[in-house]
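Notes to accompany the following structure.
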Amino acid sequence: MTNLTEELLIWYRQHGRDLPWRVKGGAHENAYAVWVSEIMLQQTTVQTVYDYFNRWMKRFPTLESLANASLDDVLHMWQGLGYYTRAKKMHECAQVLMDKYQGHFPSSREELLKLPGIGPYTASSICAFAFNKPETVVDGNVIRVIARLYGIQTQIDKEDIYQRAQKLTSKDHAADYASAIMDLGATVCKPQSPLCTICPWVQSCQAAALGLTEQIPIIKKLAKKKKIGSVFIIKNPQKKFFIMKREGKGLLSGLWEFPWIEEGEKVPFNARWNKRKEHVHHVFTHFNLTLNFYETEIEQMNPYLEKGLFVDKEDINSYALSTLMKKVLKKV
């Protein structure tokens, strides 16, 4: 074990965060809880995940309870976290684990990678946090810490970061070390205004020595595309609102929504659509979306409407909605 590794472990024992999905001093006894937290934390902050995790574990306390739940129920519990493919894959993965692994997570990276929705990062995380195996876990916090520690002034090469991080990974205290380096990045070696004076690695940090902590790491960011679309508010004579489940396997599939299209696509059906002043903005991973509102009240059924159902406004929230649709609902 290097001096840097030991220094970080000592710091973690005193200053590491207390989180509901982790334990200090070794592996977590419940691999299911580790897995749930790791999937939730992808593209989501710890602060946001905290309440979601507790609600999820209350609703689905075991792998079996998740596997036996309906997909609609799973998506409803997930709504607001975004990236809904994660929830669908979790549901599928739980069923595979019950059917083929007797309800237990495998402890090998190779077996974990065979499961739906588990990629290299998640497999490493489960191995480290649930089984205390010396897997190197590299997320955005770890990238920043390693880049600053070694004063890397070129654009980030993830393989280079991984190799450097691997040399520091504790062989005997892998779970604690993985938590420690993530906590260091989240609470001390922050993206802006890092707290270098209380960092256990400050004496070895090349970025701190060079006064470059604010400039490192150098990560190329792609400009997001801007898209425009339309959302259609359809009411029947009883003043109920039309919603439908999004089809296919793409973005937001399986969730309930008001019909919407991107610019250039066909309107749902011919009607007297009244454009409203409202619009909503939403940020997806690779693009920003603006939806304009169009409204109509139908007097007779249309074949298009057979794809969904009419619901009282106060009941719409009982369906699994994306964050985008929750924004729309607020303006209906």
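Mean sequence separation of contacting Cα pairs (under 8 Å, at least six apart), scaled by the length of region 160-219, corresponds to a relative contact order of 19 percent.
Taking label points 7 Å from Cα along the Cα-to-Cβ direction, ILE219 and THR45 give a separation of 1.5 nm. Under 10 Å, Cα contacts only: if you run a Gaussian network model on the chain, which one of VAL280, VAL138, VAL74 comes out with the highest mean-square fluctuation? The residue that fluctuates most here is VAL280. Looking at region 1-68, the GluC sites (Glu not before Pro) that sit in a DSSP loop and have at most 14 other Cβ atoms within 10 Å of their own Cβ are GLU29.
Given the choices [x] 20.6; [y] 21.3; [z] 22.5, Kirkwood radius over Cα pairs in Å derived from the coordinates of this structure is entry [z]. The magnitude of the dipole of region 77-194, with charges of +1 and -1 set on the Cβ of Lys/Arg and Asp/Glu and taken from the Cα centre, is near 180 debye. The C-alpha atoms of the chain define a longest principal axis, and helix 174-183 lies at about 70 degrees to it. Sorted largest first, the principal axis extents computed over the alpha-carbon atoms of region 73-208 equal 51, 35, 26 Å. Contact order for the chain, expressed relative to its length and based on alpha carbon pairs under 8 Å spaced 6+ residues apart, stands at 18 percent. Adding -39500 (n - 2.57) for every DSSP H run of four residues or longer, then dividing by how many residues the chain holds, sets the calculated 222 nm ellipticity at -11500 deg cm²/dmol.
Using C-alpha pairs under 8 Å with a sequence gap of at least 6, the mean separation divided by the residue count of region 98-245 gives a relative contact order of 23 percent. Mean-square fluctuations from a GNM of the chain, with a 10 angstrom spring cutoff on Cα atoms, peak among PHE53, PHE269, PHE293 at PHE269. Think of the chain as a dipole: +1 on every Lys or Arg Cβ, -1 on every Asp or Glu Cβ, centred on the Cα centre; then among VAL280, GLY140, GLY26, VAL280 lies furthest on the positive end. Ordering TYR12, TRP256, PRO200 by the projection of their Cα atoms onto the charge dipole of the chain, which places +1 on the Cβ of Lys and Arg and -1 on the Cβ of Asp and Glu, puts TRP256 at the extreme positive end. Only Lys, Arg, Asp and Glu carry charge here, each on its Cβ (+1 for the first two, -1 for the last two); on that basis region 172-273 has a dipole of about 1000 debye about its Cα centre.
Read-outs: derived from the displayed coordinates by stated rules, not from any lab. All values reported here derive from a predicted model rather than from experimental measurement. Because the Cβ atoms are built from the backbone with ideal geometry, glycine has one as well, and the counts that use them run over all protein chains shown.
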